[in-house]
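I have placed the structure first, in the form of structure tokens, so that the comments after it can refer back to it.
The values are calculated or read from the model by the stated rules, or taken from the named source; none is laboratory data. Keep in mind it's a predicted model, so treat the numbers as computed, not measured. For neighbour counting, all protein chains shown are included, and Cβ atoms are generated from backbone atoms with ideal geometry for every residue, glycine included. Ligands, DNA and RNA are stripped out before the accessible areas are found, and what is left, the full protein with its side chains, is counted by its heavy atoms. Shrake-Rupley method; radii C 1.70, N 1.55, O 1.52, S 1.80 Å.
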Amino acid sequence: MGTDGPGFETLAIHAGQEPDPLTGSVVVPIYATSTYKQDGVGGLRSGYEYSRSANPTRAALESALAAAEHGVRGLAFASGLAAEDCLLRTICKPGDHVVIPDDAYGGTFRLIARVLTQWGVEYTPAPLGDLGAVRAALRPTTRAVWCETPTNPLLGVADIAALAEVAHGAGARLVVDNTFASPYLQQPLALGADVVVHSTTKYLGGHSDVVGGALVTSDAELGDELAFLQNAAGAVAGPFDAWLVLRGLKTLGVRMDRHCSNAQRVVEFLADHPAVAQVLYPGLPEHPGHAVAARQMRAFGGMVSFRLRGGEEAAVKTCGLTSVFTLGESLGGVESLIEHPARMTHSSVAGSALEVPADLVRLSVGIETVDDLLADLSGALA
Ligand code: PLP
């Protein structure tokens, strides 16, 4: 993936995770402490003073994430949206403007459209696959182009390197939400992005047992500004949550390989199924972003969406008929999930420019035995 030094899996397992100097523990301990004994008034014994500002378990995760994304600074938050909020309020001030995908994740859209606008931030949704439309959306006050690729839930693909050029040409930053791809499949900073956003709740955590978020940047100065607001506003990842994400990161590569190969088989099954009108997956040659995805991703990911010929009714019915695929929100865990975006994850964008089709079903393809996944879908679609 165009980077020198240790490979991804080596970094994911070792970066920031030296054996514990006190005991030799191979695994970074969970430092369940709010405060640290100091040498004297105004002096520090350990480099740590209070766990909102810094905690060793969180620091290990932050270093590991920075290494995994080939950035210079990583920061771990209580959720993906807490990370997004910190980033947006650092790079935008009242009166500033951001360009967002016209199919952005609903929670990102809600944060910008309903919270940050109250603080004076302006936004323009644009189709990020169309560079002319992105250029047309830029204003002198644009501070960031916010990219998500692939997008949730429509699996749209944007060209990260081309968007970086467009954003930088306008004096704006390129932010990439890398949640769907994960750093194993896609490295936005190496392609010119300034900041990567993650919901670590998803593939990084990988086991549906934690809610978390992260920012990684290639800009040390911006990293300091983000760390300031992370501490000042305080939406940090707790030590146990940080430890769970750190544990997930170690197996990200092997999990993603299986997510991708299972997804490919699911896509082939759905593409041939008479009840399915369209399969949305960047690995399909007919996907409009296929060539870009093939260039900038190692493989095409574990998320698959499809539209049903029977419309909303068929989509809702299918979601209720699977048993290996669990009906539920979220994604990126080892277990397969199915959901109806229009009524579930994306109900917050109903009636807006970002409304998703009602006949759409989204799958987070897990790492179970693929034949069981295919049989489950076959039964639900029969
Ligand atoms: N970005 C994407 C692409 C997501 O799918 C999500 C959550 O689903 C988020 C950000 C927000 O993350 P969190 O739910 O951890 O706040």
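For residues that are assigned to a loop (DSSP other than H, G, I, E, B) and among the acidic types (Asp, Glu), scanning just segment 4-22, find the one that is surrounded by the most Cβ atoms within 10 Å (Cβ to Cβ).
So in segment 4-22, the residues assigned to a loop (DSSP other than H, G, I, E, B) come out as 4-7, 15-22.
Keeping just the survivors that are among the acidic types (Asp, Glu) gives 4, 18, 20.
Values: 4: 5, 18: 11, 20: 14.
Checked segment 4-22; the qualifying residue surrounded by the most Cβ atoms within 10 Å (Cβ to Cβ) is 20.
Evaluate segment 112-120: report whether one residue or more is of a type in the set (A, V, I, L, M), open to solvent by less than 20 Å² (accessible area, probe 1.4 Å), under 16 Å from the mean Cα position of the chain (by Cα) and within 14 Å of the ligand (Cβ to nearest atom). Checking segment 112-120: not a single residue is of a type in the set (A, V, I, L, M), open to solvent by less than 20 Å² (accessible area, probe 1.4 Å), under 16 Å from the mean Cα position of the chain (by Cα) and within 14 Å of the ligand (Cβ to nearest atom). I'd like the full set of residues that are in a helix (DSSP H, G or I) and open to solvent by less than 60 Å² (accessible area, probe 1.4 Å), limited to segment 227-240. Correct list: 227, 229, 230, 231, 239. With the structure loaded, tell me whether residue 84 is in contact with a Lys or Arg (Cβ under 9 Å, 6 or more places away or on another chain) and assigned to a helix (DSSP H, G or I) or whether it fails that test. No, not satisfied.
The listed residues are 63, 46, 53, and the only one of them that is in contact (Cβ under 8 Å) with a residue 60 or more places away in the chain, outside any strand (DSSP E or B) and small (Gly, Ala, Ser) turns out to be 53.
Could you list, in sequence order, the residues of segment 63-79 that are within 16 Å of the ligand (Cβ to nearest atom) and either modelled with pLDDT under 95 or open to solvent by 10 Å² or more (accessible area, probe 1.4 Å) (or both)? Passing the criteria: 78, 79.
Kindly indicate the residue of segment 97-108 that is over 14 Å from the mean Cα position of the chain (by Cα) and open to solvent by 20 Å² or more (accessible area, probe 1.4 Å) and also nearest to the ligand (Cβ to nearest atom) among those meeting that condition. If you could, list the steps in order and put the result at the bottom.
Start the filter on segment 97-108 by keeping residues that are over 14 Å from the mean Cα position of the chain (by Cα), which leaves 97-103.
In the following step, the residues that additionally are open to solvent by 20 Å² or more (accessible area, probe 1.4 Å) were identified as 102-103.
On the way: 102: 15, 103: 11 Å.
Checking each candidate, the answer is 103.
With respect to residue 151, is the statement that it is open to solvent by 10 Å² or more (accessible area, probe 1.4 Å) and within 11 Å of the ligand (Cβ to nearest atom) true? No. Taking segment 76-95 as the range and being charged (D, E, K, R) and more than 13 Å from the chain's Cα centre (by Cα) as the test, the residues that pass are 85, 89, 93.
For first residues located in segment 201-213 and in the same structural domain as residue 230 (by TED's automatic domain parsing) and open to solvent by 10 Å² or more (accessible area, probe 1.4 Å), partners that are near the ligand (Cβ under 10 Å from one of its atoms) and not polar (S, T, N, Q) and lie 6+ apart or on another chain with Cβ distances below 6 Å form the pairs 201/211; 201/212; 202/331; 202/332. With respect to residue 363, determine if the residue is under 22 Å from the mean Cα position of the chain (by Cα) and open to solvent by 10 Å² or more (accessible area, probe 1.4 Å). No. For beta carbons closer than 8 Å, sequence separation of 6+ or different chains, a first residue in segment 153-174 that is touching a residue at least 12 places away in the same chain (Cβ under 8 Å) and a second that is hydrophobic (A, V, I, L, M, F, W, C) and surrounded by fewer than 18 Cβ atoms within 10 Å (Cβ to Cβ), the qualifying pairs are 159/131; 162/131; 163/131; 166/131. Do we have any residue at all in segment 174-182 that's over 12 Å from the mean Cα position of the chain (by Cα) and more than 11 Å from the ligand (Cβ to nearest atom)? Scanning segment 174-182, I find at least one residue that is over 12 Å from the mean Cα position of the chain (by Cα) and more than 11 Å from the ligand (Cβ to nearest atom), so the answer is yes. Regarding residue 94, is this residue closer than 25 Å to residue 146 by Cβ and open to solvent by 20 Å² or more (accessible area, probe 1.4 Å)? It is true that residue 94 is closer than 25 Å to residue 146 by Cβ and open to solvent by 20 Å² or more (accessible area, probe 1.4 Å).
The numbered conditions (1) modelled with pLDDT of 95 or more; (2) of a type outside the set (Val, Ile, Thr); (3) closer than 19 Å to residue 186 by Cα are all true for residue 1 except (1). If you check residue 126 against the conditions, is it crowded, with 16+ Cβ neighbours inside 10 Å, closer than 28 Å to residue 306 by Cβ, assigned by TED's automatic domain parsing to the domain that holds residue 169 and away from the ligand (no atom under 15 Å from the Cβ)? Spelling it out, residue 126 is indeed crowded, with 16+ Cβ neighbours inside 10 Å, closer than 28 Å to residue 306 by Cβ, assigned by TED's automatic domain parsing to the domain that holds residue 169 and away from the ligand (no atom under 15 Å from the Cβ).
Filtering segment 27-37 for residues that are at pLDDT below 90, assigned to a loop (DSSP other than H, G, I, E, B) and not aromatic (Phe, Trp, Tyr) leaves an empty set.
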